[in-house]
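Student: Would you mind keeping the following structure in view while I ask a few things?
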Amino acid sequence: MSMIEFKLNGKPVAFDGNPLKRLLDVIRDDFGITGTKEGCGEGECGACSVLKDGKLVTSCIIPVGAVGGCEIITIEGLRDTPQGKCLVESFAEGGAVQCGFCIPGMVMAAEALLMNNPHPTEADIRLAISGNICRCTGYDLIVESILLASKKGEGLW
Amino acid sequence: MVNETYIPSTLEEALKLRAEVHAMPLAGGSDLMVQYRRGTGVVPEFPFPVMIMSSLNELKGIKKEEDGSVLIGALTTSAEIASCEDVPFFVRKAASLMGAISLRNSATIGGNLGNASPKGDLPQPLILLDATVVLQSINSTREILVDEFIKGSKKTALADDEIITAIRIPNVKYTYGYYRKIGTRKANAISKLSLSALIYVEDGIIKDFRVSSGAAGPKVARNKANEAKLIGKKLEDIPALKEDILNTHDQTISPRAMATWRRNSTRRMLDYFLSEVAKGGDEGIIQ
Amino acid sequence: MSVTHIDDKIKRVDAVEKARGEAIYLADLKFDSMLYSRLIRSTIARGRIDRIKVPSLPDGYYFISAKDIPENGKNALKMIADDWRCFADGDVKYVGETIGILVGSDRGVLDKLYKEFEITYTEETPVVTIDDAIKNEAAPLCKENNIMCSLVSDKGEDINEVLSKAAEVIEETIETGFQEHVHLETNGAIATIEDGRYVIYASAQCPFYIRKSICGLLGLNPEDIVVKQTVTGGAFGGKEHFPDVLAGPLLLAESIIKKPIQLSFDREEDMLYSVKRHPSKIMFRTGVDRDGNILGSDIKVYYNCGAYLSSSYVVLQRGVFHANGVYNFPSTRIEGYGMATNTFPSCAFRGFGAPQTIFAIETHLDHIARKFGYDPAIYKKKYFLKKGDETVTEGHIIEDVKLPEMMEQITSASDYYRKSAEYGYGSGRGIGISFYNHGGAFTGNGEQAIIKGRLKLVKDGDKFTVLCGQTEMGQGFRTALRKIVASTLEVGMDEVVFDAPNTDLVPDSGPTAASRSTMIVGNLGYRAALLMKEKMNEEHAEVEVQYEHPEGHPWDQSTFKGDAYLGYGWGAACVEVEVDKLTNEVTVKGVWTSHDIGKPIDELIVHGQVNGGVMQSLGYAAMEKMENTTGHFKQSSMSDYVIPTSMDFPKQEYFFVDNPYPWGPFGAKGMGELVFNGTDAAYVDAVERALGITCTKIPIPVEDIEGLRR
């Protein structure tokens, strides 16, 4: 089996191992970046959300063999971009963060939304994060924080 | 036992692997990767050889055919189906309510059919519309009704040298349509029950009536003999025929768990649809 | 650096690192040559272990069980009692009971070995449900029956006499189900040795509980073990005592293997093999006069405690003390029974026994009000507790009760009275209302008699370090305490340091539980800061303070008489729904709450606590179904045990009333649990009204509503 080559946070990387290994484990164990969390292991909770070619996916159900040639962005690849900074800042300012375990995935979901819809309504936001389970916040302040990001980040998306 | 895993880059290669080692196609992974997971940091182990299908671009995309039917590549995701205007309402709606956004970006129509879960979202409207599934092997291609392809809970007619390459949805006319999915919650939900129904009226005569129920038995329930009771009739005949149709549809479904609710809700939804149609109001989707 | 004021709008101190994915949770921690582990667990609910066939273990792989406990060690986890065995030995008492721990370097190999274990049992008939336990047909789990713990509280006249004189006695049984915490981060811990001492890293609420609980396994003292809390991804009570169950086997393994060992549950394990909220069965016999006025209520409270006591007796006490809700009935008698069963032990969950009885009394009163033709809001208001009223423990309500004002806030905002009249019963639309409270901190004088919380404040130049055992688990206390201390000292928050506790470095300020952190430990921080203000000229200064119980509020723990709680949080909630009569799907149209938490320490933090607590309560009533009739939990994943998404409930409208609490920092009282305690009942009231049904059991997903419709 040949190496699986893809881009991780803008850098070309190669994975030499079992192609059925979960993308989540490859990101966390092989590449040692741990901002992407495992909440359920079955694609239900969204804590492991990453962008695959610009689309939000849960990395716990994707075999690394399926991402050859793809561009994968994790929270580490987003957080220092202008959009990422705006989202992180808005989440902090808006009180979106409690235990924080769902938040990196939630930020990825917000990015995926704003890329396609820079001026979302509350309903758009609720739909866009409905695959990201949060047990702490009741979601209201997360929704407000994404609204805040879309205002503060005018022109970024 | 550790099985080989393959990543074919062409359909031809995939068909060969399927024929020679009976490698199981792994499409979006949303079913298989969960079913065979072994926990954090451990590679999932499959009891059969697997081929990861993600590179096969020829199996992706939606095409409208000249006869009005729609051909959907097996690796087309639910998100793509949900956002494509060419796809009939019932299927689009079901695709849009499958799991959450991230799941819809991974899960494919081929995977949803191949997995044949009774709770699967797409088989129900596909069976309503008499959609067919294109099954290809190295030597042949056949096309059978989705209703024949899915034989029961997690059972299909897929031969061990075949791959699902596409799904064809005929152009089915309808004057009134209805689709409901009741999930475990408002979003990111597995189906607890679903129902689709349509009626086509031409010159005041009912030309077509169909109803299918999902998650109400080991496979999607549809009864063509029951549907035929309305064909050739007028809208004003519906009230007189309704009770019999409801009773027969009730006998068609076979829920085990939550049986009372599944039966009663199915009956109430179908009753509602027929009653609304009988009023002969504006055409379209009944909410 | 600008001075932080208590009313400033501030950012949580941990928000940015968490949002950037930089916070290191337990599963993110890596040590050189770290080993992994799996718990080997019982697969039956009750029986004898006949044989454990351990697979042949490769070099560097270990299976450790009860037989490995040293002679001076005891096979017990010391929670409140020490009945919970670290390892099952000879027999098993519930599905999932730890039999041993399997340790090794490769998780794939561990998974293979795990599946090769063969354990044979002689099964015995298990006791699973509360009804099983009451019937007492299988061999009893306690001496003669299945009652693990019990207590009685009463006030007023003899209840049987009161009921005998009543025009009518209304009998009703209300039941609630299991609830799983589903903290997004599953349970996990790591054991290692640092500088020759045992160290436990844990995702946990109470580091001091862990060392006390596990030290006896090796015949050690608590001080011989260091516990360091890692960033904790939610807890809600699920990481109060339960981390002991991970740390115990890890400690024993560590004593033998002496390399870092990680144990981190996957979601399925966390669902099936962790503690839950106690299911309850609450039976009322309420005497009323001809007009429906309540003369007295005889209440029997049964909680399913599972196989071990853990915190159940205390949970039951809280349930009993909250069983008459926010009401003052002339006479009440409450008997509480903690039932032993062969299920996974139940333990702490936000509310700690109060939510079950509060749900029951609220729902029971709704039904009585409806029977006599009263609007539930107006009916309930007649019985609101007031300052000075006697409680069921013969204590008194010490504070002003602002429920009428809170009721006014939510009924105006929701347009309750108009909607209540207009929707009526059975129209498909409904509005419900509920009232609730929660006694802050440990019961009675427990803070002084048992906990004796201490906090230390150290000044080094212009840096102030707060040392105490309180943990941040998402609720915001790391921010709140820094804010309290900074604003008392009149310095900026950045000058105050408060890190995750390490039991070697901080005094024991008591558990992060019981809604006590702000109210009790926050006040220790406030007091320490006041003392420190006298020493602001010194380069280095230290002050240490300890909890002091206000005088004049006695409590007798042997009779449960006296002032059970010095301060209650109070709440009122309205929920409006629309129910699809075709499918029973409920759409919540609005949620309005008002809470008396004394004073909000931080607007944004309390806003988040209200939203989150209310949402968990709505989930509890509406959808969170965890079934167990065989000893095995039926739901095992986040797809079959569903909790609310962002689409399930609408944006909440919330209010607070100002009611400063004399013994809390800046007037603050506990709130973390309060906000869970009542919205469930308002939801059920609304659904009942919308469909004209009577519901006596939660949760009520669509299929269960069907059974209530005629």
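Student: May I ask for the net charge around B:Glu12, where only other residues with Cβ less than 12 Å from the Cβ of B:Glu12 are counted and Lys, Arg are +1 while Asp, Glu are -1?
Tutor: In short, 0.
Student: Rounded to the nearest 500 deg cm²/dmol, what is the calculated helix-only ellipticity per residue at 222 nm for chain A, with -39500 (n - 2.57) per DSSP H run of length n ≥ 4?
Tutor: -9500 deg cm²/dmol, from helical runs alone.
Student: In the calculated pair distance distribution of the protein assembly as shown, what percentage of Cα-Cα distances lie above 46 Å?
Tutor: Every Cα pair in the protein assembly as shown considered, those over 46 Å come to 34 percent.
Student: Continuing with the same structure: Using alpha-carbon positions, what is the distance between the centroids of region A:99-157 and region C:315-367, in Å?
Tutor: 38 Å
Student: Follow-up. Ranked from highest to lowest mean number of other Cβ atoms within 10 Å per residue, what is the order of the peptides C:426-435, A:54-63, C:142-151, C:460-469?
Tutor: A:54-63, C:426-435, C:460-469, C:142-151
Student: I would also like to ask the following. Just grab the label-to-label distance for C:Ile80 and C:Ser164, each label 7 Å out from Cα along the Cβ direction, in nm (one decimal).
Tutor: Output for this residue pair reads 3.5 nm.
Student: Something else now. Quick check: the angle from helix B:11-21's long axis to the longest principal axis of chain B, C-alpha only, nearest 10 degrees?
Tutor: With rounding to tens, the tilt is 70 degrees.
Student: Above 41 angstrom, tally the Cα pairs of chain C and express them as a % of all pairs, no decimals.
Tutor: 29 percent
Student: Let me ask something else. What is the order of C:Asp131, C:Asp68, fewest Cβ neighbours within 10 Å to most?
Tutor: With the fewest neighbours first, C:Asp131, C:Asp68 line up as C:Asp131, C:Asp68.
Student: 222 nm [θ] for chain B, helices only, -39500 (n - 2.57) per DSSP H run of 4+, per residue, to 500?
Tutor: Mean residue ellipticity, 222 nm, calculated: -8500 deg cm²/dmol.
Student: With charges set only on the Cβ (+1 for Lys and Arg, -1 for Asp and Glu), what does the dipole of the protein assembly as shown come to about its Cα centre, in debye to the nearest 20?
Tutor: With Lys and Arg at +1 and Asp and Glu at -1, about 1520 debye.
Student: Here is a follow-up. If you average the sequence gap of Cα pairs under 8 Å that are 6 or more apart and divide by the length of region B:177-285, what percent do you get for the contact order?
Tutor: It rounds to 22 percent for region B:177-285.
Student: Now for a different question. Rank these for me by crowding, B:Cys84, A:Cys86, C:Cys347, going from fewest to most other beta carbons within 10 Å.
Tutor: B:Cys84, A:Cys86, C:Cys347
Student: Expressed as a whole number of Å, what is the distance separating the alpha-carbon centroids of region C:488-509 and region C:370-447?
Tutor: Centre-to-centre distance over Cα atoms comes out at 38 Å.
Student: Something else about it: Give the lysines reachable from C:Lys533 as a straight Cα distance under 16 Å; neighbours fewer than 8 places away on the same chain don't count.
Tutor: Reachable lysines: C:Lys456, C:Lys459, C:Lys463, C:Lys483.
Student: By how many degrees, between 0 and 90 and to the nearest 10, does the Cα long axis of helix B:259-278 differ from the longest principal axis of chain B?
Tutor: 60 degrees
Student: What does the structure give for C:7-18 when I average, per residue, the other chain Cβ atoms found within 10 Å of the residue Cβ?
Tutor: 5
Student: Now for a different question. Test of understanding: given chain B, find the longest segment containing no trypsin sites (Lys or Arg not before Pro) that are in a DSSP loop and have at most 13 other Cβ atoms within 10 Å.
Tutor: Longest site-free region, per DSSP loop and neighbour criteria: B:1-172.
Student: Run the helix sum for chain C: -39,500 (n - 2.57) per DSSP H stretch of 4+ residues, divided by residue count, reported at 222 nm to the nearest 500 deg cm²/dmol.
Tutor: After summing the helix terms and dividing by residue count, I get -7000 deg cm²/dmol.
Student: Taking a virtual spin label 7 Å from the Cα of C:Ser105 along the C-beta vector, which residues in region C:246-288 bring their backbone nitrogen under 16 Å of it?
Tutor: The answer is C:257-262.
Student: Sorted from largest down, what three extents in whole angstroms do the Cα atoms of region C:418-513 have along their principal axes?
Tutor: Computed over region C:418-513, the largest-to-smallest principal extents equal 67, 34, 21 Å.
Student: Given a cut-off of under 8 Å on Cα pairs at least six residues apart, what relative contact order in percent is computed for region C:426-530?
Tutor: That works out to 36 percent.
Student: Could you pull out the trypsin sites (Lys or Arg not before Pro) across region C:506-566 that fall in loop regions by DSSP (anything but H, G, I, E, B) with no more than 16 other Cβ atoms inside 10 Å?
Tutor: Filter output for region C:506-566: empty list.
Student: Restricting attention to region B:27-117, which GluC sites (Glu not before Pro) occupy a DSSP loop and are surrounded by at most 13 other Cβ atoms within 10 Å?
Tutor: Sparse-neighbourhood loop GluC sites (Glu not before Pro): B:Glu65, B:Glu66, B:Glu85.
Student: With labels modelled as points extended 7 Å from the Cα through the Cβ direction, what inter-label distance (nm, one decimal) is found for B:Asp237 paired with C:Lys371?
Tutor: 5.4 nm
Student: If R₀ is 30 angstrom, what is the calculated FRET efficiency for the pair C:Asn136 and C:Arg48, using the beta carbon separation as r and rounding to 0.05?
Tutor: FRET efficiency, C:Asn136 to C:Arg48: 0.90.
Student: Let me ask something else about it. So how far, in whole Å, is the C-alpha centre of region C:597-638 from the one of region B:194-267?
Tutor: 39 Å
Student: Once the Cα atoms of region A:79-152 are picked out, what are the Rg and Dmax in Å?
Tutor: For region A:79-152, the Cα radius of gyration and maximum Cα-Cα distance read 10.6, 28 Å.
Student: Also, quick follow-up: Would you mind computing, in nm to one decimal, how far apart the modelled labels at B:Arg256 and C:Leu530 are, each placed 7 Å from Cα along Cα→Cβ?
Tutor: Result: 6.7 nm between the two label points.
Student: Taking a ≥ b ≥ c as the square roots of the Cα gyration tensor eigenvalues, with a/c under 1.5 meaning rounded and otherwise prolate when a/b beats b/c, else oblate, which class fits region C:252-395?
Tutor: Taking the square roots of the gyration eigenvalues as a ≥ b ≥ c, region C:252-395 is prolate.
Student: Counting DSSP beta bridges with both partners in region C:187-328, what percentage is antiparallel, nearest 5?
Tutor: 80 percent
Student: Over chain C, what relative contact order in percent results from Cα pairs under 8 Å that are six or more residues apart?
Tutor: 17 percent
Student: Still on this structure, I have one more. Could you give the length gained on full extension between C:Asp658 and C:Val3, defined as 0.36 nm per residue of separation minus the Cα-Cα distance, in nm?
Tutor: 233.4 nm
Student: How large is the Kirkwood hydrodynamic radius of region C:325-466, counting all unique pairs of alpha carbons, in Å?
Tutor: By the Kirkwood definition, the hydrodynamic radius is 19.0 Å.
Student: Less than 13 Å apart at the alpha-carbon level, and either on another chain or at least 8 residues along: which aspartates and glutamates does that give for C:Lys165?
Tutor: C:Glu157, C:Asp289
Student: C:Ala449 to B:Glu283: FRET efficiency via 1/(1 + (r/R0)^6), r the Cβ-Cβ distance, R0 51 Å, to the nearest 0.05?
Tutor: After rounding, the FRET efficiency stands at 0.10.
Student: Using only Cα atoms, tell me the angle between helix A:140-152 and the longest principal axis of chain A; keep it within 0 to 90° and round to the nearest 10.
Tutor: 90 degrees
Student: Neighbouring Cβ atoms within 10 Å as the yardstick, rank C:Trp570, C:Trp592, A:Trp157 fewest first.
Tutor: So the residues, fewest neighbours to most, are A:Trp157, C:Trp592, C:Trp570.
Student: Another question about this same structure. Jot down the radius of gyration and Dmax of region A:4-74, Cα atoms only, both in angstrom.
Tutor: Here Rg and the maximum Cα pair distance are 10.7, 29 Å.
Student: Out of residues 5 or more away from C:Ile193 or on other chains, whose amide H comes under 5 Å of its own, with H placed 1.01 Å from N in the peptide plane?
Tutor: For C:Ile193, whose amide H was placed from the backbone, the distant partners under 5 Å are C:Val199.
Since every read-out is calculated from the coordinates, none of them should be taken as a lab result. Here the structure is a predicted model, which is why all the values come from computation and not from measurement. Backbone-built Cβ (ideal geometry, glycine too); neighbour counts: all protein chains shown.
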